[in-house]
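Shown next, in structure tokens, is the structure this report addresses.
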Amino acid sequence: MRAPLFHTGALALLLAACAPDLRDDFPFDGERPSGPRVSHEELGDGSSLTHVDASDKGAWVYLDLDTRAELDTPTALTTQAWDVAFQRFELITNGGVSGPGTVEVAALPEQDFDALVRAPADGFVADVANGADAVSAFLAGDGWYAYDLLKHKLTPRDVVYVVHTTEGRYFKVQLLGYYDAAGSGGHLSFHWGPVE
């Protein structure tokens, strides 16, 4: 007895049905975002809420925490003034194997953001090599996010990070979200502000 043949039309229909799920995870369609990809909202207490459109899986978004400026790629790589860079769910720092700067990050799980006023004395790490790959300081421990395999959703963990910048300042950073209002990934939001 011969095995039943799978009709090519049915296969095409099945693959098409999966396309929306893939589209939600990878919305980049070849059009590069134009204009600023970083926006800040002052919260009145010295901290800010920042949104980063890092949805383009072919480009990094560079941010200088000291000046609050988004740097285009040529400027970031020429001046080396950037502190953190974003691409989809990846965060890297200008330190260790990811950049020539001195940026380091300390992870403080379950730390109350508002209560943190001073940088820790130790626990800082830079991006490190894992074979041919770089491992971000934001992935130390359990990493900055949890991924739900059933829902295919990424959720930031309850961690406050302290970033020691290229200019020697310290900022506390708490990642809050990864999706925009439409549910598209690569739209990171985080609460941040200076610490002593």
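The values are calculated or read from the model by the stated rules, or taken from the named source; none is laboratory data. Just so you know, these numbers come straight off a predicted model, no measurement behind them. Cβ sites come from the backbone with ideal geometry, for glycine too, and all protein chains shown count toward neighbours. Quick note on the areas: whole protein, heavy atoms, side chains included, nothing else; ligands and nucleic acids left out. Shrake-Rupley method; radii C 1.70, N 1.55, O 1.52, S 1.80 Å.
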statement: Taking segment 84-97 and keeping only residues that are over 18 Å from residue 189 (Cβ atoms) and surrounded by fewer than 23 Cβ atoms within 10 Å (Cβ to Cβ), one is left with 96, 97
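Here is a yes/no grid of residues against (1) within 18 Å of residue 99 (Cβ to Cβ); (2) without any contact (Cβ under 8 Å) to a residue 40 or more places away in the chain; (3) outside any loop (DSSP other than H, G, I, E, B):
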site	(1), (2), (3)
138	yes, no, yes
142	no, yes, no
146	no, yes, yes
151	no, yes, no
171	yes, no, yes
Odd one out for residue 134, checked against (1) part of a strand (DSSP E or B); (2) among the hydrophobic types (A, V, I, L, M, F, W, C); (3) at pLDDT 95 or above: (3)
statement: Only unsatisfied item for residue 118, checking (1) surrounded by 12 or more Cβ atoms within 10 Å (Cβ to Cβ); (2) in contact with a strand residue (DSSP E or B) (Cβ under 7 Å, 6 or more places away or on another chain); (3) within 27 Å of residue 81 (Cα to Cα), is (1)
message: Show me the strands (runs of 3 or more DSSP E) found entirely inside segment 62-121 where at least 2 residues are farther than 20 Å from residue 144 by Cα and either within 17 Å of the chain's Cα centre (by Cα) or of a type outside the set (Val, Ile, Thr) (or both).
response: 69-71
message: Every residue in segment 51-72 that is open to solvent by 50 Å² or more (accessible area, probe 1.4 Å), in contact with a strand residue (DSSP E or B) (Cβ under 7 Å, 6 or more places away or on another chain) and of a type outside the set (Lys, Arg), please.
response: 51, 60, 70
